[in-house]
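This report concerns only the one structure given below.
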Amino acid sequence: SLGAEAMVLTDIICTSVPQIDIVSIDTGRLHEESYELLAKLQRRYQNRIRVIYPDGQDVCDLVTRQGINGFFDSPEARSACCNVRKVVPFGKFVAGYAAWVTGVRREQSKARAAGEASEWDAQNGLHKLSPLLEWTEEQIWSYIRARHLPFNSLHEKGYPSIGCAPCTRAIMPGEDHRAGRWWWEQAEQRECGLHPKSRTAARVVAAGASAQG
């Protein structure tokens, strides 16, 4: 995701569990600051991060249907854009893996506060692991500072959560961590679709490699 939590996960994986594959999705609408960070990460970790992209024809068809910024028109249009640019390419990448690892934390939003450290992702047919679920924002940044990790410069401009450029803004004082994502929608709708809405705790995680996203 190229946010602060992803910096912690990437460093832990690359230094302690290198058998886990790491992927980042270039939706085609990212902030320039995110591309700059990705370049730094590729240099630091010897190109361990695989960059994947949405299908070009799918994007072309999407823009033909709804216009270049049609995602502002309705929640359904925005969801369709996220699906083409992020959810579908992610699903193709993780096919065959036993689990994927995410940087979701309880503090980020009310919806994410209800998450489990290990859940079944029925949408993609694998387990979703959230090892940073109980971490506080202070712990995230303490780790980043202690390890001298690169991070997205947008964090210094009031962006605690970072997605595509048109759909992310800085938050106002008192707003929750993800208030700047799809801010024109109702709070309960502000997810891209990667995280399953119906949560089932997973007691046993299948053996095998995982993918971090």
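The values are calculated or read from the model by the stated rules, or taken from the named source; none is laboratory data. All values reported here derive from a predicted model rather than from experimental measurement. Here the Cβ is made from the backbone with ideal geometry for all residues, glycine too, and neighbour counts use every protein chain on show. Ligands, DNA and RNA are stripped out before the accessible areas are found, and what is left, the full protein with its side chains, is counted by its heavy atoms. Shrake-Rupley method; radii C 1.70, N 1.55, O 1.52, S 1.80 Å.
Counting alpha carbon pairs within less than 8 Å and at least 6 residues apart, what relative contact order, in whole percent, applies to the chain?
Answer for the chain is 30 percent.
Just from its helices, what would the mean residue ellipticity at 222 nm be for the chain, if runs of 4 or more DSSP H residues each count -39500 (n - 2.57) and the sum is divided by every residue, rounded to the nearest 500 deg cm²/dmol?
My calculation for the chain gives -9000 deg cm²/dmol from helical runs alone.
So if I restrict to the alpha-carbon atoms in region 32-108, what is the Rg, and what is Dmax, the biggest pairwise distance, in Å?
Spelled out, the Cα radius of gyration and Dmax of region 32-108 are 15.4, 41 Å.
Residue separation times 0.36 nm, minus the C-alpha to C-alpha distance between VAL63 and ALA117: what's the value?
15.8 nm
What is the calculated FRET efficiency for ARG145 to TYR53, with r their C-beta to C-beta distance and R₀ = 45 Å, to the nearest 0.05?
My answer for the efficiency is 0.90.
Run the Debye formula on the Cα coordinates of region 49-151, all scatterers equal and no solvent, and tell me log10 I(q)/I(0) at q = 0.19 1/Å.
For region 49-151, the Cα-only Debye profile gives -1.10.
Give the residue from GLY158, TRP141, PHE72 lying farthest towards the positive end of the charge dipole for the chain; charges sit on Cβ (+1 for Lys and Arg, -1 for Asp and Glu) and the dipole is referred to the Cα centre.
Working it through, the farthest residue towards the positive pole turns out to be TRP141.
Roughly speaking, what is the stretch gain from ARG106 to LYS157, that is 0.36 nm per residue apart minus the C-alpha to C-alpha distance, in nm to one decimal?
Stretched fully, the ARG106-LYS157 segment lengthens by 16.1 nm.
Treating only the Cβ atoms of Lys and Arg (+1) and Asp and Glu (-1) as charged, compute the dipole magnitude of region 88-194 about its Cα centre; round to the nearest 20 debye.
300 debye
Among ASP58, ASP21, ASP121, which one moves the most in a GNM of the chain with springs linking Cα atoms closer than 10 Å?
Evaluated over the chain, the most mobile residue of the options is ASP58.
Could you give me the ³J(HN,Hα) list for region 181-190, computed from phi with Karplus coefficients 6.51, -1.76, 1.60 and θ = phi - 60°, whole Hz, x at Gly and Pro?
My calculation for region 181-190 gives 9, 6, 4, 7, 9, 5, 4, 5, 9, 7 Hz in order.
Using a 1.4 angstrom probe, figure out how much accessible area the chain has per residue, in square angstrom, rounded to the nearest whole.
Roughly 50 Å² per residue, with all protein chains present.
Taking the Cα centre of region 92-152 as origin, sum charge times position over the Cβ atoms of Lys and Arg (+1) and Asp and Glu (-1), and report the length of that vector in debye to the nearest 20.
The calculated dipole for region 92-152 is roughly 180 debye.
Give the lysines whose C-alpha is closer than 18 Å to that of LYS128, dropping any in the same chain fewer than 8 places away, or say none.
In chain and number order, the partners are LYS86, LYS92, LYS197.
Collect residues whose amide H, placed 1.01 Å from N in the peptide plane, falls under 5 Å from the amide H of ASP121; neighbours closer than 5 in sequence don't count.
LEU126, HIS127, LYS128
Determine, at each q value in 0.10, 0.13, 0.17, 0.19 (inverse angstroms), the log₁₀ of I(q)/I(0) that the Debye formula gives when each Cα of the chain is one equal point scatterer.
Debye output, listed in q order: -0.42, -0.74, -1.37, -1.76.
List the aspartates and glutamates whose Cα sits under 12 Å from the Cα of LYS157, skipping any in the same chain fewer than 8 residues away.
Leaving aside aspartates and glutamates fewer than 8 places away in the same chain, those within reach of LYS157 are GLU33.
How big is the charge dipole of the chain about its Cα centre, in debye rounded to the nearest 20, if each Lys and Arg gets +1 on its Cβ and each Asp and Glu gets -1 on its Cβ?
The calculated dipole for the chain is roughly 300 debye.
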